[in-house]
Amino acid sequence: MFPEAAMPMPPHANMPDPAAFAEPALLRVENLSIGFAGTAANVVDSVSFSIAAGKTLCLVGESGCGKSVTSLAIMGLLPPKSTRIPSGRAEFDGRDLLHLPRAELETIRGDRLAMIFQEPMTSLNPSFTVGDQIAEAVRRHRKVSHEAARERALEMFRRVRIPSPEQRLREYPYQLSGGMRQRVMIAMALANDPQLLIADEPTTALDVTIQAQILELMRELQRETGTSMLLITHDLGVVAETADMVAVMYAGHIVESGPVEAIFRDPQHPYTIGLMGSMPSLGARTGRLATIRGSVPPPQAMPAGCRFSTRCPFADDRCRREVPPFVLGADGHGAACFKAPLEIHIEGKAG
Amino acid sequence: MTAEAPILETRDIVKHFGGGTGLAAGPLVHAVDPISLSVNRGETFAIVGESGCGKSTLARLLLRLIEPTSGQVYYEGQDLTALTPTQMRKLRAEMQFIFQDPFSSLNPRMKVRTLVEEPLLVHTRLSARERRTRVDELLRQVGLRPEYADRYPHEFSGGQRQRIGIARALASGPKLLIGDEPVSALDVSVRAQIINLLDELKGAFGLTLVIISHDLAVIRHMSDRVAVMYLGQIVETAPVESLFERPLHPYTQALIQAIPVPAPGARDPGDRKLRGDIPSPVAPPPGCRFHTRCPHAVEICHQKEPFLEAAGEGRFVACHRWSELPHRGLTGKVGAALTPGAERRFALYRERSAADAGGSP
Ligand SMILES: Nc1ncnc2c1ncn2[C@@H]1O[C@H](COP(=O)(O)OP(=O)(O)OP(=O)(O)O)[C@@H](O)[C@H]1O
Ligand SMILES: Nc1ncnc2c1ncn2[C@@H]1O[C@H](COP(=O)(O)OP(=O)(O)OP(=O)(O)O)[C@@H](O)[C@H]1O
Ligand code: SF4
Ligand SMILES: [Mg+2]
Ligand SMILES: [Mg+2]
């Protein structure tokens, strides 16, 4: 059914993408692998996913699993000298972003395709007012007058509900609180009506009450504009509240993906199960938390088979040797584990 | 008087930063302003609140790592603020600190053995041989292999470094451990390991824990009693169950409503009424400090400061209107309803990991 994978490619390279079963994809990432000079294993390996128009895909996983690298590759923001991209496509609106001439990518970026980062201070210029920065972002992509660009900036400030917007436009980034700066970033990212917004941990640095405000704002804006979103987070609570589709990443692989309901109600992969079991519940106290033993293997010691095999309580010799294929169910929910579903493979054998 | 005396108590403790003239000039920051609390022997007492509300300052005051502007801290009935440096040093063996950042709190040039041995040198009279045995034992107790003792901190993962920090804190045989965001810097799966470890050690060593965190799920899981802080003050204290089921203060309610729960569709996100930003502790609002964000604020809230008052069942709350307001707690689901297959998978996961636990750090 799928083309034969070229040799170094693990079998799940051909993970069919769940959204193919529903609406046409706005962004379709296929078999993306990324490595850096000096690291033997790819830090992102054979990753595939897609995002339908107007939908949100959450990429979730722990620190270092490759979430940011994936999004930076799509944006063309990885350092060209030290990065290798041995395989992959990122088809956006009919064009492969990974193999686009620089100039063409630059016209798309900040226009059709926008990104917000965890720490807004690093992406705002400290020596210009935030109003000027938004106006400039508009003029980079639209032939409009200064006044019209300023007008647009003001309109965006109103839309992200910044209080006293006229005055705020004239302020410098350091004069704003963390939550306000993140609103400015959202205003800037949405100023040119992008089709896809990539948000890398947009609320991680914020307090919980401010996070709630920002997430709510992003949801409202998405409803109004129909922008698709790739939301990167390590917080399963944020995933549950924002995602339509979820992709769970571990050590550079997507180990499980599917509709948000299926991921939370019927998780398949031992990593997803371990991750969910590790979270303290807000409900009545439950005694010991489940844990995932050990820690993530460093890129230079990546296991040859399933990358989770060094920590998985179900791993056997085959898991350590072979990369498990990604098996997709009819509902668009799938996982890359030899033992899924566990209750059949493990209990069936034991009982 | 009731029951046993608290192990730790503060009376109107205040800490202001800056506000001086000349070299020390700068705006006056009301970091802790003022706080009275008591911690019972053997309990886990949690302090929760948003960034900048004064949690770390309070933690440092509790151990007299910084001097208060005014007020007292009592440990086992002794006023810490009145002790001489020598007396204070002796007492340090009994009260230890766990830091948030396992990366910066360990001296990178010291081997693990030296790091864990240091408090033994300061606080005990053990011989070199006995110290060696004790270090090995402590490392095992925190889930590290004694063979690792000759490595340097940078050779360890974040979770392992936090274990080293905990071994170090336990070395002097403390009765009281204060952790300032001890698990916040860790990834979810590693965080769970350290939470379990702290729970175990608490039982094994008969410790009293004070845990500072901004993560309500961690607090729900670990603690017996909770103090909620806002802009340098405690606005509510309560046993953990009643705090989550029936939060009395509007700020506590807002915090609980704001937590994203890992269950799709469990919450109506539009429910969250809390507006605005946290005001600066340089100019805390008059009256109730929360009135600028409170959905229930009325005239009196702008003018008169509410003080902590008893609210029954060992609870205290500082709000003019608490008794007439609805006490909306954690409503709705807190976790997704699992399919029967998934229920089995979680059970299998637990069984299997328990079976091969113990071995790995
Ligand atoms: N420019 C680079 N050169 C070399 N290695 C890199 C580079 N950028 C990232 N890496 C490595 O790639 C891996 C994936 O990093 P990435 O930043 O994508 O993780 P992440 O999932 O975003 O983690 P976090 O949750 O901590 O942000 C890590 O091991 C990281 O050290
Ligand atoms: N040494 C200092 N000099 C001046 N101001 C200080 C000092 N230490 C803390 N502050 C200020 O006191 C207030 C309380 O700080 P503190 O670190 O106690 O907050 P926190 O609740 O621990 O916050 P976080 O959750 O961010 O750790 C803040 O406004 C902070 O900027
Ligand atoms: S005192 Fe007033 S402003 Fe403060 S929390 Fe209570 S109702 Fe809100
Ligand atoms: Mg990242
Ligand atoms: Mg702090």
* **Computed FRET value (nearest 0.05) for B:Ala355 with A:Glu91, which takes r as the C-beta separation and R₀ as 56 Å** => 0.80
* ³J(HN,Hα) across the range A:283-299 via Karplus (A = 6.51, B = -1.76, C = 1.60, θ = phi - 60°), whole Hz, x for Gly/Pro? -> x, 3, 5, 10, x, 4, 7, 5, 9, 10, 5, x, 9, 4, x, x, x
* R0 of 25 Å, Cβ-Cβ distance A:His141-A:Glu224: FRET efficiency to nearest 0.05 -> 0.80
* Alpha carbons only, please: Rg and Dmax for the range A:213-303, in angstrom. => 15.5, 46
* **Cα-Cα separations in chain A greater than 26 Å, expressed as whole percent** => 51
* Structure fact -> Over chain A, with neighbouring protein chains present, the accessible area per residue in Å² at probe 1.4 Å is 40
* Evaluate peptide A:233-244: per residue, the Cβ atoms of other protein chains within 10 Å of its Cβ; return the mean as an integer. => 4
* To do: Give the value in nm², to one decimal: projected area of the alpha carbon convex hull of the range B:1-103, averaged over all directions.
  => 8.7
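Report the convex hull volume per residue for the range A:43-198, counting only C-alpha atoms, in Å³. It would help to have the intermediate numbers written out before the result.
Values: hull volume 21.5 nm³, N = 156.
For the range A:43-198, the hull spanned by Cα atoms encloses 138 Å³ per residue.
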* When the Kirkwood radius is taken over all Cα pairs of the range A:164-218, what Stokes-Einstein diffusion coefficient follows at 37 °C and 0.692 mPa s, in µm²/s? -> 271
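Find how much the distance from B:Leu28 to B:Phe103 grows on full extension, using 0.36 nm per residue of separation minus their present alpha carbon separation; answer in nm with one decimal.
23.9 nm
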* Using a 10 Å cut-off on Cβ atoms, rank the peptides A:26-36, A:242-252 from the highest mean neighbour count down. => A:242-252, A:26-36
* **Accessible surface buried once B binds A (1.4 Å probe; total of both sides; Å²)** => 5300
* Asked: Given the C-alpha centroids of the range A:131-207 and the range B:312-337, what is the distance between them in whole angstrom?
  -> 37
* Any chance you could check the Cα centroid distance between the range A:25-52 and the range A:78-114 for me, in angstrom? => 13
* Can you tell me the dipole magnitude for the range A:221-351 around its Cα centre, using point charges on the Cβ only (Lys, Arg +1; Asp, Glu -1), in Debye to the nearest 20? => 600
* Rg over Rh, two decimals, the range B:58-212 (C-alpha only, Kirkwood Rh) -> 0.96
* To do: At q = 0.10, 0.15 Å⁻¹, what is the base-10 log of I(q)/I(0) for chain B according to the Debye formula with one equal point scatterer per Cα and no solvent? Please give it to two decimals.
  => -0.71, -1.38
* To do: Compute the semi-axes of the equivalent ellipsoid of the protein assembly as shown, taking the square root of 5 times each eigenvalue of the Cα gyration tensor, and list them largest first in whole Å.
  => 42, 35, 24
* Structure fact -> Rounded to two decimals, the Rg over Rh value of the range B:146-276 from Cα coordinates and the Kirkwood Rh reads 1.03
* Residue-wise HN-Hα coupling along the range A:153-158, computed from phi with Karplus coefficients 6.51, -1.76, 1.60 (Hz; x: Gly, Pro) -> 4, 4, 4, 5, 4, 5
* Asked: Taking the mean number of other Cβ atoms within 10 Å as a proxy for protection, how do you rank A:148-159, B:124-135, A:216-227 from highest to lowest?
  -> A:148-159, A:216-227, B:124-135
* With the convex hull built on the Cα atoms of the range B:181-233, state its orientation-averaged projected area in nm². => 4.1
* **Per DSSP, loop chymotrypsin sites (Phe, Trp or Tyr not before Pro) in the range B:249-331 with at most 15 further Cβ within 10 Å** => B:Phe307
* Under 25 Å Cα to Cα from A:Lys55, which lysines show up? Leave out anything in the same chain fewer than 8 places away. => A:Lys67, B:Lys333
* Hey, in the GNM for chain A with a 10 angstrom Cα cutoff, which one of A:Ile292, A:Ile198, A:Ile263 fluctuates hardest? -> A:Ile292
* Asked: Considering the Cα trace of the range B:223-342, what is its radius of gyration and what is Dmax, both in angstroms?
  -> 15.8, 57
* **Evaluated at q = 0.12, 0.13, 0.19 Å⁻¹: base-10 log I(q)/I(0), Debye formula over Cα of the range B:274-361** => -0.65, -0.68, -0.95
* Asked: Can you tell which of B:Asp136, B:Asp187, B:Asp101 shows the greatest fluctuation in a Gaussian network model of chain B with Cα springs below 10 Å?
  -> B:Asp187
* Can you give me the pair-distance distribution of the range B:226-289, C-alpha pairs, 10 Å bins, whole percents? -> 19, 44, 31, 6
* Debye intensity ratio in log₁₀ form over the Cα atoms of the range A:61-109, taken at each q of 0.12, 0.15, 0.19 Å⁻¹ -> -0.27, -0.42, -0.66
* Structure fact -> Across the alpha-carbon set of the range A:129-272, Rg over Rh with Rh taken as the Kirkwood radius works out to 1.04
* **Positive dipole terminus of the range A:147-283, leading residue within A:Phe264, A:Ala240, A:Pro202 (C-beta point charges)** => A:Pro202
* **Whole-angstrom Cα spans of the range B:63-103 along principal axes, big to small** => 34, 23, 17
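The values are calculated or read from the model by the stated rules, or taken from the named source; none is laboratory data. Keep in mind it's a predicted model, so treat the numbers as computed, not measured. Neighbour counts are summed over all protein chains in view; Cβ atoms, including those assigned to glycine, are modelled from backbone coordinates with ideal geometry. Protein only, heavy atoms only, side chains kept; ligands, DNA and RNA dropped before computing areas. Shrake-Rupley method; radii C 1.70, N 1.55, O 1.52, S 1.80 Å.
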